[in-house]
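The values are calculated or read from the model by the stated rules, or taken from the named source; none is laboratory data. Keep in mind that this is a model prediction, so the values were computed, not measured. Positions of Cβ are generated from backbone atoms using ideal geometry, with glycine treated the same way; all protein chains shown enter the neighbour counts. For the accessible areas, the whole protein counts, side chains as well, though only heavy atoms, and no ligand, DNA or RNA atoms are used. Shrake-Rupley method; radii C 1.70, N 1.55, O 1.52, S 1.80 Å.
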Amino acid sequence: MFLRNFWYVAAWDHEIAEKPLARTVLNEPIVLYRDEVGALIALEDRCPHRRLPLSMGKLVGDGVLQCHYHGLRFDRSGNCVRIPGQKLIPPNVKARSYPVEERYHWAWIWMGDPELADPATIPDYSFFDSPKWGAKGARFHVKANWQLIVDNLLDLTHLAFVHETTIGNAAVAENAAVKVERSPNNVLVTRWMIDTPAPPTYMKAGNFKTNVDRWQFIDFTPPAFLRLSVGATPTGTGGPEGRFVDGINMRNLNAITPETESTTHYFWGQAHDFDVQNAALTDMLFEQVKTAFLEDVAVFEAQQDRSR
């Protein structure tokens, strides 16, 4: 079962170019493409005539997609505007269209009632395009149910065991003070690890000479958006009181989109607000987190395999 009246991330903006992009979201085949000025269009990826994927077709005009099989043409609303060899176009020859928005370098799609598709409800991922942050992201195709990924990000004790060479150490599991707060539209998990060694990735980014006070704030918004504020400051400099001195402050950004009941599009990124013009630093943090998340993917897929 999927929650349909929500926005989901369907693709990174750079994935959608001249060639139509096929993608499955919530068990529904979607074709994503752009018109002549770059505006985003999303249709059902199935010709109503003989069911060939429209993503196998080509663009033949401003926002018009031609089916590869018999040449039927569909406009940005999914209406058939041409059938070769006949003038009559039956009204039921139509591909479903989906509300789409482009924001934060992501293509967002609304899978439910189009009358309820309010762009104001798209979660804030402005870290990806803010000049105050350095950021980089990716997409993983995960052969596991989306809820396994949500569970993983809500319980970070696994960092001590799965990610001990990058972002984890024993303190994450053994020395964390944890608080959980529920609100009508989100869950906030606050974790503090006081006076503990910095994990390897933090040592590379912050060059800490002492123990650190480390935080992990996990903001979960349904159906599957998790924005993490993470970082550390040298112990005793006032981190728990809100004074972040000589430390590192980062955001781990996750948008989890179900493909099917057993496969998932995992969109994620890592952002930092220190030395933001340092591309080498951005790349290093991204690669460290990518290494950790690929370890997570191996866990998810092993869990899925044992769930059959």
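Summary table below
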item: Given (1) crowded, with 17+ Cβ neighbours inside 10 Å; (2) over 17 Å from the mean Cα position of the chain (by Cα); (3) over 21 Å from VAL180 (Cβ atoms); (4) not acidic (Asp, Glu), index of the condition GLN277 fails; result: (1)
item: Residue list for the stretch 38-55, filter: in contact with a Cys (Cβ under 8 Å, 6 or more places away or on another chain) and either over 12 Å from ARG73 (Cα atoms) or open to solvent by less than 30 Å² (accessible area, probe 1.4 Å) (or both); result: CYS47, LEU52, PRO53, LEU54
item: Some residue of the stretch 241-255 being closer than 24 Å to VAL299 by Cβ and aromatic (Phe, Trp, Tyr); result: no
item: Sole residue being among the acidic types (Asp, Glu), touching a residue at least 60 places away in the same chain (Cβ under 8 Å) and in a helix (DSSP H, G or I), chosen from GLU261, GLU295; result: GLU295
item: Positions within the stretch 7-37 being open to solvent by 30 Å² or more (accessible area, probe 1.4 Å) and modelled with pLDDT under 95, in sequence order; result: ALA17, GLU18, LYS19, GLU36, VAL37
item: Considering residues of the stretch 162-216 that are among the hydroxyl-bearing types (Ser, Thr, Tyr) and in contact with a helix residue (DSSP H, G or I) (Cβ under 9 Å, 6 or more places away or on another chain) only, the residue farthest from VAL289 (Cα to Cα); result: THR196
item: Residues of the stretch 161-201 satisfying the condition of being under 25 Å from the mean Cα position of the chain (by Cα) and more than 26 Å from VAL299 (Cα to Cα); result: GLU181, ARG182, SER183, PRO184, ASN185
item: In the stretch 134-143, the residues that are within 15 Å of the chain's Cα centre (by Cα) and open to solvent by less than 30 Å² (accessible area, probe 1.4 Å); result: GLY137, ALA138, PHE140, VAL142
item: Residues satisfying the stated conditions in the stretch 293-308, i.e. within 19 Å of LEU153 (Cβ to Cβ) and either open to solvent by 20 Å² or more (accessible area, probe 1.4 Å) or modelled with pLDDT under 95 (or both); result: LEU294, GLU295, ALA298, VAL299, GLU301, ALA302, GLN303, GLN304, SER307
item: Of all residues making up the stretch 1-57, the number that are in contact (Cβ under 8 Å) with a residue 60 or more places away in the chain and among the hydrophobic types (A, V, I, L, M, F, W, C); result: 15
item: Subset of the stretch 187-197 (residues that are open to solvent by 20 Å² or more (accessible area, probe 1.4 Å), more than 26 Å from ASP124 (Cβ to Cβ) and part of a strand (DSSP E or B)); result: ILE194, ASP195
item: Tally of residues being in a helix (DSSP H, G or I) and either surrounded by 20 or more Cβ atoms within 10 Å (Cβ to Cβ) or acidic (Asp, Glu) (or both) across the stretch 155-182; result: 5
item: Of residues in the stretch 198-238 being among the aliphatic types (A, V, I, L, M) and outside any strand (DSSP E or B), the one surrounded by the fewest Cβ atoms within 10 Å (Cβ to Cβ); result: MET203
item: Qualifying positions in the stretch 239-251 - of a type in the set (Val, Ile, Thr) and either on the phi > 0 side of the Ramachandran plot or exposed (fewer than 15 other Cβ atoms within 10 Å of the Cβ) (or both); result: VAL245
item: Matching strands (runs of 3 or more DSSP E) fully within the stretch 70-154 where at least 2 residues are of a type outside the set (A, V, I, L, M, F, W, C); result: 100-103, 134-142
item: Number of positions in the stretch 56-66 that are open to solvent by 40 Å² or more (accessible area, probe 1.4 Å) and closer than 16 Å to LYS19 by Cβ; result: 4
